[in-house]
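Okay, structure first, notes after.
Just so it is clear, none of the values below were taken in a lab; they were calculated from the coordinates. Because the structure is a prediction, the values reported are computed rather than measured. Cβ: placed from backbone, ideal geometry, glycine included. Neighbour counts: every protein chain shown.
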Protein chains: 2
Amino acid sequence: MSKQLNITRLLADLPLFQQLRDSEIAQLAMESREIKLSKGQILFQKGDLLEGFYVVVEGQIKLAFSSPQGQEKVVSIVGPGGSFGEAVMFMEKPCPVFTQALEDSHLLYIAKRGIFTAIEHDSVFARRMLAGLSMRLHGLIQDVEDYSLHSSTQRVIGFLLQLADKPTKGHATFELPASKQVIASRLNLTPETFSRILHSLSQAGLITVKGKRITVPDITRLSRFDHAPPPCAKNAQAPLSEAQTPLE
Amino acid sequence: MSKQLNITRLLADLPLFQQLRDSEIAQLAMESREIKLSKGQILFQKGDLLEGFYVVVEGQIKLAFSSPQGQEKVVSIVGPGGSFGEAVMFMEKPCPVFTQALEDSHLLYIAKRGIFTAIEHDSVFARRMLAGLSMRLHGLIQDVEDYSLHSSTQRVIGFLLQLADKPTKGHATFELPASKQVIASRLNLTPETFSRILHSLSQAGLITVKGKRITVPDITRLSRFDHAPPPCAKNAQAPLSEAQTPLE
DNA sequence: GCCATACCTTGATTTACATCAAGCTTTCGA
DNA sequence: TCGAAAGCTTGATGTAAATCAAGGTATGGC
């Protein structure tokens, strides 16, 4: 079937499956299916059990908690090439988040069985899976660090620098990968606070904002900015530490 | 020689290695060594690369970030049977946390090579490793949920309920697993706030506190406290998305 | 194009928790 | 055994960010 072939091709393009032999890819393809979601559609709910995991071919998926009071906290925004649900699949426990398409999206669903078979036949793949989960864990730990010991301004700056992703110096222009609300939630901020922080960074000349388009004229300068009230120096308290080595 | 045997026995007792064949355990033992730490000793620093991971045989190890300003945030407290460092090992990136013994401790260090060999020879073990990492990830996601959308009182209650670990009803008595400072940090609280919360729960008759010893006379009542106090309850909010019709 | 709805911004006010500052209590080493 | 240090509690005060409240601006359906 051309549909099956299509899936095969999509799978083969994914970094995760790069080193698999054709026969194994074909095997995986048999355990996979395509999913199309339209913007706003919910893929699965918190509490669901997953018998497989998902890869984003196109579009954008939001992973989030919802509290009984209707509050919502975005944990992750997954774009093309990204995947989610592996951990829940391996764990065989209810999923702690729900997932929703932020745009019309095209996913692949890959059933557990295919992955288990691949692991059995290819220990390099097993290691790759382990490394993948490890990366996920690492990211989450970074988030915890961020939430625990950085101010909201620092979190926003960190996020912007990540988007700029020319790690060190120079300038950069890019688009926010989602609506400001969603990003605010991802950063554990209210939309109001996020807006104000962008405004103040803008005022300080560290960035310019036009809709979703952000320009950072001097990445180094942005990364150095801790928090200091530029104009008014009424309260001249100086709790700042000069130990600036934020590079990991 | 008897040392090697000792390690073999310790490994065989760990849940993670339960299903391995003796020959595989023996192989792992050859790649392992014992580590003794005294209270307060640092095992490794943030930024270190790990060529293996650690299992706690006895004692207690703290995983934490430290900020340049000397603040510290405890990410995890690992007791006997627990392990840490797997993710960093698989990822081959610098470790984001440092580790310190909270008590005199006895660990096993297991080198990467042994694990890779085990994965190669036993895909069930590979799956177990994957499930283990997945559980770790799950825990971290729980933490993020906690930090993001629960109040400090709710976090403390959640923590106490976890320690009580008779999930549903009845009463319980237990000891806090570490000093109140450390637990406060683990919960993203200052010691002062933690103390005040314990005090107020105590005042409310929900717990009694005597040093590290906590008694919960009615688990159900404790778990209900602080869960749904806000005024309007009927406000089931739709998720953050454009494609949802708002109520009213 | 026009309207409705969602999204974003900006200001005023509130609040949960941190910080600062003592006292108190337990632990532990000499 | 005593005394210092570390750990814990309690109160007063400060503050970062949330919440409340409009008003402004894109965006998509018809």
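Scaled against 2.2 N^0.38 Å for its residue count N, the alpha carbon radius of gyration of the protein assembly as shown is 1.04. Indicate the gyration tensor shape class of chain A (rounded, prolate or oblate), computed on the Cα atoms with a ≥ b ≥ c the square roots of the eigenvalues: a/c under 1.5 is rounded; otherwise a/b larger than b/c is prolate and the rest oblate. Prolate, because a/c is 1.5 or more and a/b exceeds b/c. Scaled against 2.2 N^0.38 Å for its residue count N, the alpha carbon radius of gyration of region B:151-224 is 0.98.
Hey, for a label at A:Lys212 modelled as a point 7 Å past Cα toward Cβ, could you say which residues of region A:43-82 have their backbone N under 14 Å away? Under cut-off, by backbone N: A:59-62, A:77-80. Above 24 Å, the calculated P(r) of region A:106-237 contains 45 percent of its Cα-Cα pairs.
Positive contributions from Lys and Arg (+1) and negative ones from Asp and Glu (-1), summed over other residues with Cβ under 13 Å from the Cβ of A:Ile110, come out at -2. If you look at the Cα atoms of region B:140-184, you get an Rg and a Dmax of 11.5, 29 Å. Give me the log10 of I(q) over I(0) for region B:33-136 at q = 0.23 Å⁻¹, as the Debye formula computes it from C-alpha points; what are the numbers? After summing over all Cα pairs, the log10 values are -1.33.
Label point of B:Glu92 set 7 angstrom out along Cα-Cβ; within region A:105-138, amide nitrogens under 19 Å from it belong to A:122-138.
Rounded to the nearest 20, the size of the Cβ-charge dipole of region B:2-148 about its Cα centre is 180 debye, with Lys and Arg at +1 and Asp and Glu at -1. Ordering A:Val144, A:Ser223, A:Leu20 by Cα displacement along the dipole of chain A toward the positive end leaves A:Ser223 in first place; charges were set at the Cβ atoms of Lys, Arg (+1) and Asp, Glu (-1).
Show me the ranking of peptides A:50-59, A:210-219 by mean Cβ neighbours inside 10 Å, starting with the highest.
Numbers: A:50-59: 19.4, A:210-219: 14.7.
Result, highest mean Cβ count within 10 Å first: A:50-59, A:210-219.
Do any of A:Lys46/B:Lys46; A:Lys73/B:Lys93; A:Lys73/B:Lys62; A:Lys93/B:Lys166; A:Lys210/B:Lys93 go past 26 Å between their Cα atoms, and which?
Values: A:Lys46/B:Lys46 34 Å; A:Lys73/B:Lys93 28 Å; A:Lys73/B:Lys62 28 Å; A:Lys93/B:Lys166 19 Å; A:Lys210/B:Lys93 36 Å.
The pairs that break the limit, which is 26 Å between Cα atoms, are A:Lys46/B:Lys46; A:Lys73/B:Lys93; A:Lys73/B:Lys62; A:Lys210/B:Lys93.
Given their separation in residues at 0.36 nm each and the Cα-Cα distance between them, A:Phe225 and A:Lys180 gain 14.0 nm when the chain is fully extended. Each 10 Å bin, from zero up to the one with the longest distance, holds this percent of the alpha carbon pairs of region A:1-48: 23, 40, 29, 8. Distances, shortest first, from the label point of A:Gln18 to those at the same position in the other copies read 3.7 nm; the point lies 7 Å along Cα to C-beta.
Dividing the Cα radius of gyration of region A:1-85 by its Kirkwood radius returns 1.03 for Rg/Rh. When shorter helices are ignored and each DSSP H run of at least 4 residues is given -39500 (n - 2.57), the per-residue value for the protein assembly as shown at 222 nm works out to -12500 deg cm²/dmol.
At the listed q of 0.17 Å⁻¹, the Debye profile of region B:102-166, built from one uniform point per Cα, gives log10 I(q)/I(0) equal to -0.85. Counting, for every residue in B:72-83, the Cβ atoms of other protein chains within 10 Å of its Cβ and taking the mean gives 1.
Label point of A:Gly205 (7 Å along Cα→beta-carbon): distances to the other copies' equivalent points are 6.4 nm, sorted ascending. Count Lys and Arg as plus one, Asp and Glu as minus one, and take only other residues whose Cβ is under 14 Å from that of B:Leu160; the net charge is then +3. Label-point distances for A:Leu49 to the equivalent site in the other copies, using a point 7 angstrom along Cα→C-beta, read 4.2 nm when ranked shortest first. Extending 7 Å from Cα along the Cβ direction at A:His199 and again at A:Ser23 yields two label points whose distance is 6.4 nm. Computing FRET efficiency as 1/(1 + (r/R0)^6) for A:Asp165 and B:Gln41, where r is the C-beta to C-beta distance and R0 is 45 Å, gives about 0.75.
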